[in-house]
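Here's the structure, in structure tokens; my notes come after.
The values are calculated or read from the model by the stated rules, or taken from the named source; none is laboratory data. Source: prediction; values computed, not measured. Note: ideal-geometry Cβ built from the backbone for every residue, glycine included; neighbour counts use all protein chains shown. Side chains are part of the model used for accessible areas, which takes the heavy atoms of the whole protein and leaves out ligands, DNA and RNA. Shrake-Rupley method; radii C 1.70, N 1.55, O 1.52, S 1.80 Å.
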Amino acid sequence: MKILIGYDGSESSDAAIDDLQRAGLPRDSEAKVIAVGDLLMSGPSPAEMVNAALASPRVAASLQQAQSHATRVITQNGEFAKAAADKLRLQFPEWKVSFEVVTGTPAWVLIEAAKSWKADLTVIGSQDRSTLGRLFLGSVSKSVATDATCSVRVARRTAKRIPGGPRIIIGVDGSPAAEQAIYSVGQRVWDEGTEVKLVAVDEGPLPPARVSTFLPQAAEMLRGYLQKKESRVRSMLDWATEELGNIGLLTSVFAGKGEAAKVLIEEARKWNADSIFVGTRDFDSAFERFRLGSVSTAVVSKADCSVEIVRPPHTQA
């Protein structure tokens, strides 16, 4: 398994590395740490640079200042990346670990690096849910989670950890994407005592009755679709319970009502889950990527625990 880890020396990045110990990752994995130097965001403001240039006897002095800043950023990120790689080697001695320093916009650097390296999983830390944290999440974690072509794990340090193996929630809606999330959990190497809770959500009353007065044919088609979906969910829950139980995972089922993202987040909070696994499709349009926000990105943004958005291998370039 090839794991790309975005690291910036922050507490959230350290939490992401610590979180990997409860992610069930294979012993023969290969990890690459990417430290991204964002020269624009970490440097002086454009106004300061202009003022410095105007105040300097020569413009070259301002350019030299910018070059010195770039060197400092690259050096600092190199130290961050090396420290993270060393920590990974201690925690996972069987892994092949490397690191790299890249300059650019963090989200797009990580997305492109994962694509070119053919990563199976990209791991990034999440800031807290303060106003500043949500802003950072929107600009980096959310972008990576939405636009990456591989699976993405947005990692958080769980505030209240229950003794024993990891506690994992999987969102189940009967779709191929949910099946892929279940399969992904089943392919991992989990500690003894790991618990899995399969969460299926009824998002509300059937709408066909309201529609049938005006569009009877459409209402009938919709009713048939919803009945088939309910049947798929039941079958998938039965299949997942048996298959995950066969590999030693303690599996249970929870049926909730309401908005899927809210139910997943609340159940994870009450159950003190370590992580939530949700599947997602490969999106061909900007509109479809926007719709991702209704479930997967909402869970990534608001959950108290780590969230892994699972994509099937064939979506990777």
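Does residue 122 satisfy the condition of being modelled with pLDDT under 95 and not small (Gly, Ala, Ser)? It is false that residue 122 is modelled with pLDDT under 95 and not small (Gly, Ala, Ser).
Could you check, for region 288-296, whether at least one of its residues is at pLDDT below 95 and outside any helix (DSSP H, G or I)? Within region 288-296, one or more residues are at pLDDT below 95 and outside any helix (DSSP H, G or I).
Is it fair to say residue 278 is at pLDDT 65 or above and farther than 22 Å from residue 125 by Cβ? The answer is no for residue 278.
Within region 297-315, the set of residues being over 14 Å from the mean Cα position of the chain (by Cα) and either at pLDDT below 50 or open to solvent by less than 20 Å² (accessible area, probe 1.4 Å) (or both) comprises just one member, 315. Against the conditions (1) within 24 Å of the chain's Cα centre (by Cα); (2) over 16 Å from residue 200 (Cα atoms), residue 268 satisfies every one except (2). If you go through region 48-85 and keep only what is open to solvent by 90 Å² or more (accessible area, probe 1.4 Å), farther than 11 Å from residue 33 by Cβ and modelled with pLDDT of 80 or more, you end up with 76, 79. Looking across 88, 39, 25, one residue alone is of a type in the set (A, V, I, L, M, F, W, C), closer than 22 Å to residue 113 by Cα and at pLDDT below 70. It is 39.
The numbered conditions (1) modelled with pLDDT of 90 or more; (2) in contact with a helix residue (DSSP H, G or I) (Cβ under 9 Å, 6 or more places away or on another chain); (3) open to solvent by less than 50 Å² (accessible area, probe 1.4 Å); (4) not hydroxyl-bearing (Ser, Thr, Tyr) are all true for residue 117 except (2).
Here is the figure for region 237-251: residues that are in contact with a Leu (Cβ under 6 Å, 6 or more places away or on another chain) and without any contact (Cβ under 8 Å) to a residue 24 or more places away in the chain total 0. Selection of region 140-195 for residues being surrounded by fewer than 24 Cβ atoms within 10 Å (Cβ to Cβ) and among the polar types (S, T, N, Q) yields 143, 146, 149, 158, 175, 180, 184, 187, 194.
Taken across region 138-147, residues that are at pLDDT below 95, in contact with a Pro (Cβ under 7 Å, 6 or more places away or on another chain) and over 26 Å from residue 28 (Cα atoms) do occur, with at least one present.
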